[in-house]
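First comes the structure, then the notes that go with it.
No lab work stands behind these numbers, since they all come straight from the coordinates. Quick caveat, the model's predicted, so the values are computed rather than measured. Virtual Cβ from ideal backbone geometry, glycine too; neighbours counted across all protein chains shown.
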Amino acid sequence: MQIPKIIAHRGASGYAPENTLTAFKKAKALGASMVEFDVMLSLDSEAVVIHDENIKRTTNGKGLVNSFTLRELKNFDAGLWFSKKSKGETIPSFKDVLILLDEIGLTANIEIKPIAGDEAETVAVVMSTLNQYWPYEKDLLLISSFNYSVLEMVRNFSPEQPLGFLMHAWDDSWQEKAQRLDCSSIHVNQRCLTQKRIELLKNSGMTLLSYTVNRARRAKKLFAMGVDGVFTDYPDLLT
């Protein structure tokens, strides 16, 4: 798959409540061609798009995502925390997001964030939902996770699935791990990056992405150092 230089982090999350349909539409309106978002399971094993295990930060409720059914999750307001204008925004299902992305012409990086113990079921639901709701004629979407066992499970499900290896802190065994699963990209916390490390990463042949970059000056510097793409809350500032 073609990965652009600018990836809208949780949608255009600097302008709209993160991981919502509005944030993804805003990313498209600002010229993004790819968005990143997070997926985990509800109590009734529905894949939902939300970052935190607890809904407290991004909704008017509190409690673990997997302690509510999808219907219950959709009753919480996922926009008011961001702004009064965003009141009434809901937590979207993974299915709803895939349908929207197909309609408006966006590709995506799906980060699987399973709650502990839900890894295998989360992967199974995500892959099943992708097979059902992402058009077979379109390029496969990119899947990433900080959980290595999740990447292994995804690879077992699909030998051709594009995988992204995530690295929040520097891991000297990154190359062995990423190449073992035939990852196509490596996503690195920008704070970990030095020129030497960037050269090592680039020599692996994988696409090098960095997060979360919200200043144009920093993005330009990373591009000059060899980074291929950045995740940003403000996709329009970096074009």
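Brief remarks follow.
- Taking GluC sites (Glu not before Pro) across region 159-239, the ones in a DSSP loop with at most 11 further Cβ atoms lying within 10 angstrom of their Cβ are Glu160.
- Trypsin sites (Lys or Arg not before Pro) restricted to region 136-194 and DSSP loop, no more than 13 other C-beta within 10 Å: Lys138
- Computed from the alpha carbon positions, the gyration tensor of region 126-231 leads to an equivalent ellipsoid with semi-axes of 26, 16, 11 Å, biggest first.
- Taking the centroid of alpha carbons for each part, region 196-213 and region 20-65 are 27 Å apart.
- Ellipsoid semi-axes in whole angstrom, largest first, where each is sqrt(5λ) of the Cα gyration tensor of the chain: 27, 21, 16
- Remark on Ser144: its backbone amide H falls under 5 Å from those of Ile110, Glu111, Ile112, Gly164, a criterion applied only to residues 5 or more positions apart or on other chains, H modelled at 1.01 Å from N.
- Region 6-238: relative contact order in percent, alpha carbon pairs under 8 Å with at least 6 residues between: 20
- Qualifying chymotrypsin sites (Phe, Trp or Tyr not before Pro) in region 150-239, where qualification requires a DSSP coil assignment and no more than 14 other C-beta atoms within 10 Å, comprise Trp170.
- Whole-Å distance, taken between Cα centres, linking region 76-99 and region 117-176: 25
- The relative contact order of region 105-181 comes to 31 percent, based on Cα pairs under 8 Å that sit 6 or more residues apart.
- Quarter of the Cα convex hull surface for region 13-125, i.e. its orientation-mean projected area (nm²): 6.5
- Tilt relative to the chain, helix 216-225 - C-alpha long axis, 0 to 90 degrees, to 10: 40
- Karplus 3J(HN,Hα) series, Hz, for region 135-152 with 6.51 cos²θ - 1.76 cosθ + 1.60 (x for Gly, Pro): x, 5, 7, 8, 4, 4, 7, 8, 10, 9, 6, 6, 8, 5, 5, 5, 4, 4
- Per-residue ³J(HN,Hα) for region 101-109, Karplus 6.51 cos²θ - 1.76 cosθ + 1.60, θ = phi - 60°, Hz, x for Gly and Pro: 4, 5, 5, 9, x, 10, 9, 8, 10
- Placed amide H near Val35: partners under 5 Å, 5+ positions off or other chain: Ala8, Thr107, Ala108, Asn109
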